[in-house]
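One structure is given below, encoded as structure tokens.
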Amino acid sequence: MPRTTTAAKTYASARIAIDPVIFTIHDHRLKVFLRQREREPFKGHFELPGGLLLPGETAEETMQRKLRSVFNATISCMQIYTFTTPDRDPRGRTVSISTLALISSTTILDFSGWHDIRKLPDLAFDHLDIISYARNYLREHIQQELLQNILPKRFPLNLLQTTFEIIEQKRYDNRNFRKRMIISETVAETKEHERQVSHRPAVLYRFV
């Protein structure tokens, strides 16, 4: 019986990076956090606050290490996509795990690192693609877990509606939005009202 041979396969080796996309809402604008690179490649360009996995680290540990160095806090993120284009990093094959989070603007003391997603500066690597993907994912998959990080525990429905409108870039009819949220059991009414407001205090709601 003739002997068959198979050519040896060459498998790619790659570094693993974590690139978290952190959004907030400030001045009625959706903003993303970026930092400026201090070395090549892309020196002077802006990038997401991520980095490479160190030996012995999990992706979650790397992400929290990088975010603590910037925000001095642990931030809950969800993984949304893995970017694997071979030439996305000129230094060598690098696979990027992208994560997404929303944080409340009330926890931010300095907004100098936050950029309106409609007016982004020059970005390093493929970070514009990563931000665009995260932006579209957020618009199409607004989840309670994400909104809980950006809204107070008790909130008026008009604040929830405004948040949806900023994220989705669309307007809602007040009555229809209220009906949708209540019928879907997304929110539940509390016995509390707004305090220290110049208008009639609105009823506060909570996520179910």
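The values are calculated or read from the model by the stated rules, or taken from the named source; none is laboratory data. Note that this is a predicted model, so its numbers are computed, not measured. Note that each Cβ is placed from the backbone with ideal geometry, even for glycine, and that neighbours are counted across all protein chains shown.
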Margin query: Looking at (1) modelled with pLDDT of 95 or more; (2) of a type in the set (D, E, K, R); (3) not assigned by TED's automatic domain parsing to the domain that holds MET78, which one does ASP19 not meet, given that it meets all the others?
Written below: (3)
Next item on the list: With the condition kept exactly as written, say whether any residue in the stretch 57-64 is over 17 Å from the mean Cα position of the chain (by Cα), closer than 16 Å to TYR133 by Cα and surrounded by 12 or more Cβ atoms within 10 Å (Cβ to Cβ).
Entry: no
Notebook entry, point to check: Here are some residues: ILE97, ILE108, ILE117. Which one is among the aliphatic types (A, V, I, L, M), in contact (Cβ under 8 Å) with a residue 24 or more places away in the chain, within 15 Å of ASP19 (Cβ to Cβ) and assigned by TED's automatic domain parsing to the domain that holds PHE33?
Noted result: ILE97
Next item on the list: Starting from residues that are small (Gly, Ala, Ser) and out of contact with any Asp or Glu (no Cβ under 6 Å at 6 or more places or on another chain), keep the ones in the stretch 79-104 and report whichever is farthest from ILE167 (Cα to Cα).
Entry: GLY92
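Can you pull out every residue in the stretch 133-145 that is farther than 15 Å from PRO20 by Cβ and either assigned to a helix (DSSP H, G or I) or in contact with a His (Cβ under 6 Å, 6 or more places away or on another chain) (or both)?
ASN136, ARG139, GLU140, GLN144, GLU145
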Checklist line | Within the stretch 158-203, tally of residues that are outside any helix (DSSP H, G or I) and either assigned by TED's automatic domain parsing to the domain that holds LEU102 or in contact with a helix residue (DSSP H, G or I) (Cβ under 9 Å, 6 or more places away or on another chain) (or both) | finding: 10
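Residues checked against (1) on the phi > 0 side of the Ramachandran plot; (2) more than 15 Å from the chain's Cα centre (by Cα); (3) among the basic types (Lys, Arg):
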position: ALA73; (1), (2), (3): no, yes, no
position: ARG93; (1), (2), (3): no, yes, yes
position: ILE97; (1), (2), (3): no, no, no
position: LEU100; (1), (2), (3): no, no, no
position: THR106; (1), (2), (3): no, yes, no
position: ASP110; (1), (2), (3): no, yes, no
Next item on the list: Working carefully through the options GLN144, GLN169, GLN79, GLN148, find the one that is in contact with a Ser or Thr (Cβ under 6 Å, 6 or more places away or on another chain), surrounded by fewer than 17 Cβ atoms within 10 Å (Cβ to Cβ) and touching a residue at least 12 places away in the same chain (Cβ under 8 Å).
Entry: GLN79
Next item on the list: Might you let me know whether the stretch 115-122 holds any residue that is in contact with a Phe, Trp or Tyr (Cβ under 7 Å, 6 or more places away or on another chain) and over 30 Å from SER13 (Cα atoms)?
Entry: yes
Notebook entry, point to check: Got a number for residues in the stretch 169-208 being under 27 Å from the mean Cα position of the chain (by Cα) and over 24 Å from GLN143 (Cβ atoms)?
Noted result: 0
Note to self: Take the conditions at pLDDT 95 or above, part of a helix (DSSP H, G or I), assigned by TED's automatic domain parsing to the domain that holds GLU140 and in contact with a Ser or Thr (Cβ under 7 Å, 6 or more places away or on another chain) and apply them to GLN64. Does it pass?
What the structure shows: yes
